[in-house]
Amino acid sequence: MLFLYNLVVQFAGFLLKIAALFSSKMKLFIEGRKDVFTTLEQKIKSTDKTIWFHAASLGEYEQGLPVIEAIKKQFPFHKIVLTFFSPSGYEVRKNNTVADVTVYLPLDTKKNAQEFLRLTHPELVFIIKYEYWPNYLAELKKQEIKTYLISGILRKNQLFFKWYGGFYREALNTFTYFFVQNENSKKLLHQLGKTNVSVSGDTRFDRVATILEKDNSLDFIAQFKNNKLTIIVGSSWPKDENILIDFINSNPLSTKFIIAPHNIKEEQIKNLKESMNKKTVLFSEKEGKNLADFDVFIIDTVGILTKIYSYADIAYVGGGFGNPGVHNLLEPATFGVPIVIGPNYSHFAEATALVNMEGCTVIKNATELNEAFSNLIRNEDIRNEKGHICETFVQMNKGATAVILKNILNDTI
């Protein structure tokens, strides 16, 4: 099966080059990997001590950030190497300050794995949440490099648990230790004979909890809000926006709306703005305008949604009408904001928990959206109660980073 897997990877690499001719995202995927080894050779000396973190995309980076920062404090003389698989992670965080070197992860071939490890020669490796690349893991095992899975989550439908997934199960033998999010993941690993497992929880709670300690002020958002009740729509997709637009346009109450779409392509932003009959302004055209005069503020940029949530009285988190499902609820939750989402959330433990605790309201259609928003807008006590549930949920679940760090230090010192 490994032989077949390697053939598939090689063929996929060829197809991606063709796809890059027609897709800007695929072009970034291919072009970004061309100079990885040159970059590593320039930035890492053979005498450097290094620690490697791998994140599939932006969400995994944010999830692993507390551990990266904690490890950096404990090993100040090591260089941190950070890799991304997806352009949506790399392009947004390629200029981060926590890592010394940030690059795309080359495709999972045996040759690439050997060359990558030759150039980075890490003492410790951390895989965030998932992405189990067999050739990289095989080479890490061969070189006896300590490798950890952090905030891991396993499900019965993964390849490890299929009759034909033997080579994937073999890859798990690389891990020195598994730090997983829940008991179900631990049980699944036990079924595979893995006992080097701890339920540490989800490091995202640590990441969002620390947001409260930072300066989250944005003068232009404060000016737009103008002390009025404000609904923040974060990471919305067209399916979310289709039902939100009717409510926004027909809402007679003195409510302001900030929309930060998941996709900020020019045409999509243009269509969204044109669908509004309320006074609407874009982030890209805010200069020289009195933002307090507007009812709707569309954020056609990235990287500031977390801070924007700090101004929310109510949050709608998008993605719940599509696959894989709803986006990150924890960022608004940490600010004590009541949350509304679409129906597709069952794959996300934190969303399921907040729905069961009634800090988060699920809607399936425009009628339910109208009811949920109207209820929250008109009743401050309900807003405060649901917001308190969300905030307490974050505070009660933090601490995963400390568990991981304690175990790793005991294992390395």
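The values are calculated or read from the model by the stated rules, or taken from the named source; none is laboratory data. Since we're looking at a predicted model, the values are computed, not measured. Because the Cβ atoms are built from the backbone with ideal geometry, glycine has one as well, and the counts that use them run over all protein chains shown. Surface accessibility is based on the protein's heavy atoms, side chains included, excluding ligands, DNA and RNA. Shrake-Rupley method; radii C 1.70, N 1.55, O 1.52, S 1.80 Å.
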Item to check | Residue list for segment 301-332, filter: among the aromatic types (Phe, Trp, Tyr) and in contact with a Pro (Cβ under 6 Å, 6 or more places away or on another chain) | outcome: 309
Checklist outcome for this item: For segment 245-259, the count of residues that are open to solvent by 10 Å² or more (accessible area, probe 1.4 Å) and aliphatic (A, V, I, L, M) equals 2
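Okay, residues lined up against (1) farther than 15 Å from residue 101 by Cα; (2) among the hydroxyl-bearing types (Ser, Thr, Tyr):
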| site | (1), (2) |
| --- | --- |
| 20 | yes, no |
| 38 | no, yes |
| 47 | yes, yes |
| 54 | no, no |
Item to check | Complete set of residues in segment 63-84 that are in contact with a helix residue (DSSP H, G or I) (Cβ under 6 Å, 6 or more places away or on another chain) and over 21 Å from residue 37 (Cα atoms) | outcome: 63, 65, 66, 67, 70
Checklist entry - Are there any helices (runs of 4 or more DSSP H) wholly within segment 330-413 with 2 or more residues that are open to solvent by 60 Å² or more (accessible area, probe 1.4 Å) and free of Cβ contacts under 8 Å to residues at least 24 places away in the same chain, and if so which? => result 366-378, 380-397, 400-412
Item to check | Residue list for segment 20-47, filter: open to solvent by 20 Å² or more (accessible area, probe 1.4 Å) and in contact (Cβ under 8 Å) with a residue 60 or more places away in the chain | outcome: 25, 28, 32, 33, 37, 39, 41, 46
Checklist entry - Could we say that residue 132 is open to solvent by less than 20 Å² (accessible area, probe 1.4 Å), of a type in the set (Phe, Trp, Tyr) and at pLDDT 90 or above here? => result yes
Checklist outcome for this item: Exactly one of 367, 401 is more than 19 Å from residue 315 (Cβ to Cβ) and in contact with a Pro (Cβ under 6 Å, 6 or more places away or on another chain), and that one is 401
Item to check | segment 290-314, residues that are part of a loop (DSSP other than H, G, I, E, B) and over 28 Å from residue 95 (Cβ atoms) | outcome: 290, 294, 295, 313
Checklist entry - Quick check: is even one residue across segment 225-232 of a type in the set (Ser, Thr, Tyr), closer than 21 Å to residue 348 by Cα and either surrounded by 15 or more Cβ atoms within 10 Å (Cβ to Cβ) or in contact with a strand residue (DSSP E or B) (Cβ under 9 Å, 6 or more places away or on another chain) (or both)? => result no
Item to check | Residue check for residue 44: of a type outside the set (D, E, K, R), modelled with pLDDT of 90 or more and either over 19 Å from residue 113 (Cβ atoms) or more than 25 Å from the chain's Cα centre (by Cα) (or both) | outcome: yes
Checklist entry - Where in segment 212-281 are there helices (runs of 4 or more DSSP H), lying wholly inside it, with at least 3 residues that are closer than 15 Å to residue 314 by Cα? => result 238-250
Next on the checklist: residue 123 - would you say it is buried (at least 16 other Cβ atoms within 10 Å of the Cβ), of a type in the set (D, E, K, R) and farther than 26 Å from residue 304 by Cα?
Outcome noted: no
Item to check | Filtered residues of segment 14-33 (kept if polar (S, T, N, Q) and not in a helix (DSSP H, G or I)) | outcome: 23
Next on the checklist: Just to check your reading of the model, which residue among 38, 50 is in contact with a helix residue (DSSP H, G or I) (Cβ under 7 Å, 6 or more places away or on another chain), of a type in the set (Ser, Thr, Tyr) and in the same structural domain as residue 132 (by the TED database)?
Outcome noted: 50
Checklist entry - Any idea how many residues of segment 315-328 are open to solvent by less than 20 Å² (accessible area, probe 1.4 Å), touching a residue at least 60 places away in the same chain (Cβ under 8 Å) and part of a loop (DSSP other than H, G, I, E, B)? => result 3
Checklist entry - Among all residue pairs at least 6 apart or on different chains, which show Cβ distances below 7 Å where the first residue, located in segment 75-89, is open to solvent by 30 Å² or more (accessible area, probe 1.4 Å) and the second is part of a strand (DSSP E or B)? => result 75/51; 79/50; 79/101
Checklist entry - Taking helices (runs of 4 or more DSSP H) that fall entirely within segment 107-205, which contain at least 1 residues that are within 30 Å of residue 17 (Cβ to Cβ) and touching a strand residue (DSSP E or B) at 6+ places or on another chain (Cβ under 8 Å)? => result 110-120, 134-142
